[in-house]
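Below is one structure, written out as structure tokens, with a few remarks after it.
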Amino acid sequence: QVQLVESGGGLVQAGGSLRLSCAASGGTFSSYAMGWFRQAPGKEREFVASINWSGNIRYYADSVKGRFTISRDNAKNTVYLQMNSLKPEDTAVYYCNVGNTAATLRTRSEFASWGQGTQVTVSS
């Protein structure tokens, strides 16, 4: 089973930037699609972005399109989420997870497990 460790969150002012990282171990990273998800207080976890195994197919939630960029480094078993022009509504715990394809990660709701996530707080 793949283990996932998210990092890079923090407190930032509106308009600022953060880069999140997700390090994977225990599986063949380069064969998985990867996705970022987030959960704000009192809300359901939602899809943010996904990327296929080679990095040439990416999907984004409408709410982050044009501001966030997902990327991956298969040599480092790591997926990244560059977040620019952050807004207070981006405040959430951010998680990563694996899937078969970037497309299916957009709508998938059941996963075997989650990492601890990383907190992103955007102040106004």
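Here are the numbers for this structure:
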quantity: Test: residue in segment 114-124 that is free of Cβ contacts under 8 Å to residues at least 60 places away in the same chain, open to solvent by 30 Å² or more (accessible area, probe 1.4 Å) and out of contact with any helix residue (DSSP H, G or I) (no Cβ under 9 Å at 6 or more places or on another chain); calculated: no
quantity: Odd one out for Arg67, checked against (1) within 20 Å of Thr118 (Cα to Cα); (2) open to solvent by 80 Å² or more (accessible area, probe 1.4 Å); (3) basic (Lys, Arg); calculated: (2)
quantity: So Val5, is it open to solvent by 30 Å² or more (accessible area, probe 1.4 Å), out of contact with any Asp or Glu (no Cβ under 7 Å at 6 or more places or on another chain) and among the hydrophobic types (A, V, I, L, M, F, W, C); calculated: yes
quantity: Filter result for the condition that a residue is touching a Phe, Trp or Tyr at 6+ places or on another chain (Cβ under 6 Å) and either more than 23 Å from Ala112 (Cα to Cα) or touching a residue at least 24 places away in the same chain (Cβ under 8 Å) (or both), over Asn84, Asn97, Asn52; calculated: Asn97
quantity: Identity of the residue in segment 35-47, under 14 Å from the mean Cα position of the chain (by Cα) and over 17 Å from Gln116 (Cβ atoms), that ends up least open to solvent (accessible area, probe 1.4 Å); calculated: Phe47
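Per-residue answers, yes or no, for (1) modelled with pLDDT of 95 or more; (2) touching a Leu at 6+ places or on another chain (Cβ under 9 Å); (3) over 17 Å from Thr101 (Cα atoms):
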position	(1), (2), (3)
Gly16	yes, yes, yes
Ser21	yes, yes, yes
Ser25	no, yes, yes
Phe29	no, no, no
Ala33	yes, yes, no
Lys43	yes, no, yes
Ala49	yes, yes, no
Asn52	yes, no, no
Tyr59	yes, yes, no
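The values are calculated or read from the model by the stated rules, or taken from the named source; none is laboratory data. It should be emphasised that the depicted structure is a prediction, and the values quoted were computed from it without experimental measurement. Backbone-built Cβ (ideal geometry, glycine too); neighbour counts: all protein chains shown. We work out accessible area using only protein heavy atoms, side chains counted, and drop any ligands, DNA or RNA first. Shrake-Rupley method; radii C 1.70, N 1.55, O 1.52, S 1.80 Å.
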